[in-house]
Amino acid sequence: GAVVSQHPSWVICKSGTSVKIECRSLDFQATTMFWYRQFPKQSLMLMATSNEGSKATYEQGVEKDKFLINHASLTLSTLTVTSAHPEDSSFYICSALTRMNTEAFFGQGTRLTVV
Amino acid sequence: AQSVTQLDSQVPVFEEAPVELRCNYSSSVSVYLFWYVQYPNQGLQLLLKYLSGSTLVKGINGFEAEFNKSQTSFHLRKPSVHISDTAEYFCAVSETTNAGKSTFGDGTTLTVKP
């Protein structure tokens, strides 16, 4: 099956630092990946659509300068949370769209805690 | 744009009883529909999906769902639940022309009591 891996699974960082989260499609190529954020006891909210070789498309209200997305290859997209603050603490989940273009497969998520 | 409404935020049920988690959606175009389960501090696990074809979809762990286009619903059912089914369940929709870009419902917390 299609496997998507996120790294790290959890990370704690100090306020003001930057954190990079990786999303890899392990057994398929994904020209499109998606980044979601999930606050405690809430649903998943789409942050941005990541396209290989081009700029990401951000959802309304998401700061593109704060959440940097790079999709440099067909199997890797990265989300960098810059100058992290405690309010950025959340569960970040990525998904990768298969070439069948019918569904995306989800990574296991990354728990970010900013202290 | 599409939207998803999960009609029950919490569903308590006794072990071995049947359960139905309700999901309605709104979209002006054709959609794909999904149900996911999320256990505490974990990612999403796909239970089942409707892409096309038969409107009755069977998934993992004994779950099934029926796509009702006229009622724009995709309710999830299980005839007999187990304690281990206690989790958060999310219904999601994506447009067929923009697959992968999913809109999620607010989730339903299923609590199975002994």
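A few comments on the model shown:
- Qualifying residue in the range A:45-53 (condition: facing chain B (nearest Cβ under 10 Å), free of Cβ contacts under 8 Å to residues at least 24 places away in the same chain, out of contact with any Leu (no Cβ under 9 Å at 6 or more places or on another chain) and farther than 19 Å from B:T97 by Cα): yes
- Any hit, the range A:93-100, residues being within 14 Å of chain B (Cβ to nearest Cβ), in contact with a Gly (Cβ under 9 Å, 6 or more places away or on another chain) and assigned to a loop (DSSP other than H, G, I, E, B): yes
- Checked against (1) under 23 Å from A:E87 (Cβ atoms); (2) under 13 Å from the mean Cα position of the chain (by Cα); (3) open to solvent by 10 Å² or more (accessible area, probe 1.4 Å); (4) facing another protein chain (nearest Cβ under 10 Å), A:Y36 passes all but condition (3).
- The range B:62-102 - residue that is within 14 Å of chain A (Cβ to nearest Cβ) and at pLDDT 95 or above and, of those, most open to solvent (accessible area, probe 1.4 Å): B:E88
- Among all residues of the range A:62-76, there is at least one that is of a type in the set (S, T, N, Q), more than 13 Å from chain B (Cβ to nearest Cβ), open to solvent by 30 Å² or more (accessible area, probe 1.4 Å) and in contact with a Lys or Arg (Cβ under 6 Å, 6 or more places away or on another chain).
- Any hit, the range B:36-48, residues being under 13 Å from the mean Cα position of the chain (by Cα) and among the small types (G, A, S): no
- The one condition from (1) away from every other protein chain (no Cβ under 14 Å); (2) free of Cβ contacts under 8 Å to residues at least 24 places away in the same chain; (3) among the charged types (D, E, K, R) that A:E59 does not meet is (1).
- In this structure, B:L51 does not qualify as modelled with pLDDT under 95, under 27 Å from A:M45 (Cβ atoms) and under 12 Å from the mean Cα position of the chain (by Cα).
- For A:P8, the requirement of being open to solvent by less than 60 Å² (accessible area, probe 1.4 Å) and farther than 24 Å from B:Y50 by Cα is met.
- Check on B:G43, touching a Gly at 6+ places or on another chain (Cβ under 8 Å), within 9 Å of chain A (Cβ to nearest Cβ) and closer than 20 Å to B:Q10 by Cα: yes
- Residue list for the range A:46-58, restricted to those being surrounded by fewer than 16 Cβ atoms within 10 Å (Cβ to Cβ) and not polar (S, T, N, Q): A:G53, A:K55
The values are calculated or read from the model by the stated rules, or taken from the named source; none is laboratory data. Values in this document were obtained by computation on a predicted structure and should not be read as measured data. As a convention, Cβ positions derive from the backbone with ideal geometry for all residues, glycine included, and neighbour counts pool all protein chains shown. These area figures cover heavy atoms from the full protein model, side chains too; ligands, DNA and RNA do not enter into them. Shrake-Rupley method; radii C 1.70, N 1.55, O 1.52, S 1.80 Å.
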